[in-house]
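Scroll down for the structure; my scribbles are underneath it.
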Amino acid sequence: MDLTLPLRHWEMFLHGVWVSVTLTLLSVVVGFALALPGALAQQRRSRLAFLPRGYAYFFRGTPLLAQTFLIYYGLGQFEFVRESWAWVFLKEAWWCALIAFSLNSGAYQTEILRGAFAMTPKGELEGAKALGMSERQTTWLVLLPSSLRRAMPQYGNEVVFQLHSSVVASVITIQDILGAGRTLNARYYVAYEGFVTAAILYMALTFLLVGAFRLLERRYLRHLLPPEELKKLQKGALGGAAFGSARV
Amino acid sequence: MSRKTLAGALAAAAFALSAQAAAAEDLKICVEGAYPPFSETTASGEVVGFDIDMANAMCAAMGATCEMVKTDWDGIIPALIERKCDAIVASMSITPDRAQVIDFSAKYYNTPAAFIAAEGTEMTTTPEGLSGKTVGVQRGTIHQQFMEGEFPDVELKLYGTQDEAYLDLQSGRVDALVADQIAMDEGFIKTDAGAGYAFFGDTFSIPKYHGEGAGVGVRKGSDLAGRFTDAIAEIRASGEYDEIQKKYFDFDIYGG
């Protein structure tokens, strides 16, 4: 195995990292925007709650690879799609990937949020009512902050899964991390160099993501820390200063 | 029948069986399955095409039993090296780059590379004529290296299979495709899907990129290279080659 090969093509891999990371983060953000109204509708037992339920069921029930193929190769087969304004976006593999990934991640996030909403302690909502908060105030000031905090560990998982799912981009001509690895393999007729490099990069990114979520959890879930840990934090010994004073 | 003769008959039968097993050498052949008409996968999952018929004819000439192993193109050389198969019969061009990694038999056919696009295109096959255009090509092929070498400023889109590249030409995501002339003619232009598309510009056969024709790939130092070369000569002499060729093409693809 010749590990100088990937080093000689580091620019290709660096570009791949950029593509993978931006696709992952953007699709989680867009997915959140898709998931929030759906999860709220279910929490409020809206008559339209069957829509987000059906959406989450469909996109969690089919493989991301099939969804991406359908959007990229499938839609492009229809004349009316190619002549519509949407083709400006659908023509580009990058947008197809972002659309597929966002819809997919949105479906999973709908379930994460729905679960977090349902777990909200009754007392918090009753308290809001007792203070005379409107429904909107209750949602924004009580339900959401409390639920997002509870959903944080699952969100950490979701982002890592999304990063790993993003390898699907490489089958629709996008040069992401795996795409760079495959190109390297194909150019030099080797089996391992490209894939090993890709695996190392994905692992490093996962490590960073997990670390970032650990910091976030330390900040926003500090009420769940064991007492000794909390004491250390309060003394400012463990990054307490970096996060300012406790506001939890 | 006495016991002795029975035992003798059994021993003879066992010997005959083992002799047969030794004579029929089992070879695994890596084929692609997404490169019509040379190699395509039927609805029932079977791999058929010119490459597969060639492989079977060569194996028969060598007295070997061959099993086809469907392998993705961009992993086909590693699959050979890692012993997932013993030979590659997948329209693989014999190029100096590949010859550093594996050995080849003599060619079994040789056809040039060409460009296709929507009918009536004004593109030409010069660096200026293709500037600003997007060209689709299968990843890890001689055509990718040809484009990178001769048309460095043209935007390339890389596909896992040639069939996916056809889909994107139809949807208009790429302006042109470059690949083997015959593969595109028989596999796309002459089919229903290829209506409205045509060849344009020149055909290319630059030895540095395009090599000296398609050969059978084998592991370095394997005696199979010579045996496949002999098998090709044998089926060409016996007329079997022409018979197979006639099933797919109405002209000679062996080349000069």
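The values are calculated or read from the model by the stated rules, or taken from the named source; none is laboratory data. Small disclaimer: the values here were computed from a predicted structure and weren't measured. As a convention, Cβ positions derive from the backbone with ideal geometry for all residues, glycine included, and neighbour counts pool all protein chains shown. Side chains included, ligands, DNA and RNA excluded: accessible areas come from the protein's heavy atoms. Shrake-Rupley method; radii C 1.70, N 1.55, O 1.52, S 1.80 Å.
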| note | Unpartnered Cys in chain B, judged by a 4.7 Å Cβ-Cβ cut-off, are none
| Can you give the percent of C-alpha pairs in the stretch A:138-240 whose distance is more than 18 Å? | 63 percent
| Rounded to the nearest 0.05, what FRET efficiency is calculated for A:R136 and A:W10 with R0 set to 41 Å and r the Cβ-Cβ distance? | 0.20
| What dipole magnitude, in Debye to the nearest 20, does the stretch B:113-210 give about its Cα centre under +1 on Lys/Arg Cβ and -1 on Asp/Glu Cβ? | 180 debye
| query | Quick one: ranking B:K70, A:K129, B:K107 by accessible area, 1.4 Å probe, largest first, what do you get? | reply | A:K129, B:K70, B:K107
| query | How large is ³J(HN,Hα) for each residue in the stretch B:104-116, as worked out from phi by the Karplus curve 6.51 cos²θ - 1.76 cosθ + 1.60 (θ = phi - 60°), to whole Hz, x for Gly and Pro? | reply | 10, 6, 5, 5, 10, 6, 8, 9, x, 8, 8, 10, 10
| said: With +1 assigned to the C-beta of every Lys and Arg and -1 to the C-beta of every Asp and Glu, and no other charges, what is the dipole magnitude of the stretch A:94-248 about the Cα centre in debye, to the nearest 20? | reply: 500 debye
| request: At a Cα cut-off below 17 Å, give the aspartates and glutamates reachable from B:K28, other chains included and same-chain residues fewer than 8 away excluded. | output: B:E46, B:D51, B:D53, B:E67, B:D72, B:E82, B:D86, B:D103, B:D223
| Picking from A:L143, A:L184, A:L201, whose Cα lies most toward the positive end of the charge dipole for the stretch A:119-240 (charges on Cβ: Lys, Arg +1; Asp, Glu -1)? | A:L143
| query | Dipole magnitude of the protein assembly as shown about its Cα centre, charges +1 at Lys/Arg Cβ and -1 at Asp/Glu Cβ only, in debye to the nearest 20? | reply | 3800 debye
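At 25 °C and 0.890 mPa s, grab the translational diffusion coefficient of the stretch B:113-210 from Stokes-Einstein with a Kirkwood Rh over Cα pairs, rounded to a whole number in µm² per second. List each step's numbers first, then the result.
Details: Rh = 13.1 Å.
The diffusion coefficient I find is 187 µm²/s.
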| task | With r as the distance between the Cβ atoms of B:S222 and A:A86 and R0 = 60 Å, compute the FRET efficiency 1/(1 + (r/R0)^6) and round to 0.05. | result | 0.70
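Cβ under 9 Å from B:A114's Cβ, B:A114 left aside: what net charge do those residues give with Lys, Arg +1 and Asp, Glu -1? Mind showing how you got there, number by number?
Numbers: positive: none; negative: B:D180, B:D185, B:D202.
Summing Lys and Arg as +1 and Asp and Glu as -1 gives -3.
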| remark: Taking a crude spin-label model, label points 7 Å out from Cα along the C-beta direction, the A:M1 to B:E122 distance in nm is 5.3 nm
| What does the accessible area of B:M123 come to, in Å² to the nearest 10, when a probe of 1.4 Å is used? | 20 Å²
| query | Of the chymotrypsin sites (Phe, Trp or Tyr not before Pro) in the stretch B:191-256, which ones lie in a loop per DSSP and count no more than 13 other C-beta atoms within 10 Å? | reply | B:F251
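Could you tell me the ratio Rg/Rh of the stretch A:4-220? Both radii from Cα atoms, Rh via Kirkwood.
On the way: Rg = 20.4 Å, Rh = 19.2 Å.
For the stretch A:4-220, the value is 1.06.
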| remark: For the stretch B:69-84, in residue order, the Karplus 3J(HN,Hα) values (coefficients 6.51, -1.76, 1.60; θ = phi - 60°; whole Hz; Gly and Pro = x) are 10, 6, 9, 4, 4, 6, x, 7, 5, x, 4, 5, 5, 7, 6, 6
| query | For B:K28, which sequence-distant residues (separation of 5 or more, or a different chain) have an amide H within less than 5 Å of its own amide H, given hydrogens modelled in the peptide plane? | reply | B:E67, B:D86, B:A87
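At 0.36 nm per residue, and after removing the present C-alpha to C-alpha distance, how many nm does the segment from A:E79 to A:A33 gain when stretched out fully? Let's see the in-between values first.
Details: separation 46, 0.36 × 46 = 16.56 nm, distance 3.03 nm.
Roughly 13.5 nm would be gained on extension.
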| Just how much of B:D74 is accessible, in Å², when a 1.4 Å probe is used and the result is rounded to the nearest 10? | 30 Å²
| said: Just to check I understand the Karplus step: with θ = phi - 60° and J = 6.51 cos²θ - 1.76 cosθ + 1.60, what whole-Hz values come out for the stretch A:164-181, glycine and proline as x? | reply: 5, 5, 5, 4, 4, 4, 5, 7, 10, 6, 7, 8, 8, 4, 5, x, 4, x
| query | Taking the protein assembly as shown on its own, what percent of its Cα-Cα pair distances exceed 43 Å? | reply | 35 percent
| remark: Counting sequence-distant residues (5 or more places) and residues on other chains, those with an amide H built under 5 Å from that of B:E212 are B:I94
| FRET efficiency estimate (nearest 0.05) - Cβ-Cβ, B:D202 to B:S131, R0 22 angstrom | 0.85
| task | Evaluate the distance, in nm, between pseudo-label points positioned 7 Å from the Cα of B:D252 and of A:L230 along their respective Cα→Cβ axes. | result | 8.9 nm
| Heavy-atom SASA rank of B:M54, A:M119 (probe 1.4 Å, accessible area, largest first) | A:M119, B:M54
| request: Return the long-range amide H neighbours of B:K70 (sequence gap of 5 or more, or a different chain), with a cut-off of under 5 Å between placed amide H atoms. | output: B:V31
| request: Of the options A:L225, B:T191, B:H143, report the single residue whose Cα projects farthest towards the positive end of the charge dipole of the protein assembly as shown (beta-carbon charges: Lys, Arg +1; Asp, Glu -1). | output: A:L225
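Which net charge results when you count Lys and Arg as +1 and Asp and Glu as -1 among the other residues whose beta-carbon is under 10 Å from that of B:T95? Each step should come with its number before you reach the end.
Numbers: positive: B:R98, B:K208; negative: B:D97, B:E212.
With Lys, Arg at +1 and Asp, Glu at -1, the net is 0.
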| task | Only helical DSSP H runs with n ≥ 4 go in: add -39500 (n - 2.57) per run for the protein assembly as shown, normalise by residue count and round the 222 nm mean residue ellipticity to 500 deg cm²/dmol. | result | -16500 deg cm²/dmol
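Taking only the C-alpha atoms, wrap a convex hull around chain B and report its volume per residue in Å³ as a whole number. It would help to have the intermediate numbers written out before the result.
Values: hull volume 38.9 nm³, N = 256.
Cα-based convex hull of chain B, divided per residue, equals 152 Å³.
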